[in-house]
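Asker: Next up is a structure, given as structure tokens.
The values are calculated or read from the model by the stated rules, or taken from the named source; none is laboratory data. These numbers come from a predicted model, not from an experiment. Ideal geometry is used to build each Cβ from the backbone, glycine not excepted, and the neighbour counts take in all protein chains shown.
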Amino acid sequence: MGGNKNRASSRMIFRILIAVYFVYLDKQLIEGLVKKDSTMPTWLMILFILIFAGFAVWMVVYSIKQYKIMTQENENTDQKQITGAITEGTEQPGENTAAKVTEEKPEMNTEMQSEERKTTEEKIPGSEENEKTGS
């Protein structure tokens, strides 16, 4: 039960660490852009800054959404297990045990029984062999 929540938390933390790393790369690129000590063209540095910033924001949003989905699934599973354990062997609210209909045994098909009797009565020992040989 708690394992899924731990897994969701660890995945979210890992994804956010990746996002933080991309923010760090952005910071380094911005410092290089301001100091003008990079050999990379300015437009390319700005492009990388935007890409890394966009990826960092997307990663944070994605990790939060996935965390919510995984914890909600975990809660639903836990709730079903708890509800199943509580209601197992007990009656539902508003249910009257005296009024419960007992399970009926399936009735035998009388047509099939009568057909079987007819075919059994019609069979005469050796009659099948006579039909095969044509006598």
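Asker: Can you tell me which residue is nearest to the chain's Cα centre (by Cα) among those in region 2-41 that are within 29 Å of Ile64 (Cα to Cα) and polar (S, T, N, Q)?
Answerer: Looking at residues that are within 29 Å of Ile64 (Cα to Cα) and polar (S, T, N, Q), I get Asn4.
Asker: Moving on to the next point. Sort through Met70, Met59, Met40 and tell me the only one that's touching a Gly at 6+ places or on another chain (Cβ under 8 Å) and either modelled with pLDDT of 65 or more or of a type in the set (A, V, I, L, M, F, W, C) (or both).
Answerer: On the way: Met70 fails: touching a Gly at 6+ places or on another chain (Cβ under 8 Å); Met59 fails: touching a Gly at 6+ places or on another chain (Cβ under 8 Å).
Among Met70, Met59, Met40, only Met40 is touching a Gly at 6+ places or on another chain (Cβ under 8 Å) and either modelled with pLDDT of 65 or more or of a type in the set (A, V, I, L, M, F, W, C) (or both).
Asker: A further question on this structure: State whether one or more residues within region 91-99 are touching an Asp or Glu at 6+ places or on another chain (Cβ under 7 Å), modelled with pLDDT under 60 and either exposed (fewer than 10 other Cβ atoms within 10 Å of the Cβ) or among the β-branched types (Val, Ile, Thr) (or both).
Answerer: Looking for residues that are touching an Asp or Glu at 6+ places or on another chain (Cβ under 7 Å), modelled with pLDDT under 60 and either exposed (fewer than 10 other Cβ atoms within 10 Å of the Cβ) or among the β-branched types (Val, Ile, Thr) (or both), one finds at least one in region 91-99, hence yes.
Asker: While we're on this one: Condition first: more than 13 Å from the chain's Cα centre (by Cα) and either among the charged types (D, E, K, R) or not in a helix (DSSP H, G or I) (or both). Now tell me which residues in region 64-74 satisfy that.
Answerer: Hits for region 64-74 are Lys65, Lys68.
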